[in-house]
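A.B. asks: Have a look at the structure that comes next, please.
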Amino acid sequence: MPDETTLEGWAPEIGGGLTLAEVVERAFDYRGNVTVVRTDGAEVEGYLFNRAREVPAPFVQMYDRNGDGPLTILYAEIRAIRFTGKDMAAGNSYAAWLRARDAAKTTSGAPPAAGA
């Protein structure tokens, strides 16, 4: 796995200690686009926003990179998931906000806005 602070660029090998369900959970928590490689070789790039594994036919749901969807893909149709999009949450932690606040105080005397 790449840098522990982000999954960006990770292309996990499913099997041999890493299950599809584990990769799906990480893709669900990821704040960037992923590429789902289907068993037929087709690839869908987009934002994975939902998953259901405790149902008779487990599935994921995602919007493709154009915003079309939701698309439903069964676990049985997934060969791989790659973390191909920019991790939008990387560097946006509370610690990063504190550093920005301290830097702003030093330069302007006022803290940054809450969304900074």
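A short reminder: the numbers here are calculations on the coordinates, not readings from a lab. Computed from a predicted model, the values in this text were never measured in an experiment. A quick note on method: Cβ atoms are made from the backbone with ideal geometry, for glycine too, and the neighbour counts reach across all protein chains shown.
A.B. asks: What does the charge count around Glu43 come to, taking other residues whose C-beta lies under 13 Å from its C-beta (Lys +1, Arg +1, Asp -1, Glu -1)?
C.D. replies: 0
A.B. asks: If packing is taken as the average number of other Cβ atoms within 10 Å across a peptide's residues, how do 70-83, 44-57, 24-37 rank, most packed first?
C.D. replies: 24-37, 70-83, 44-57
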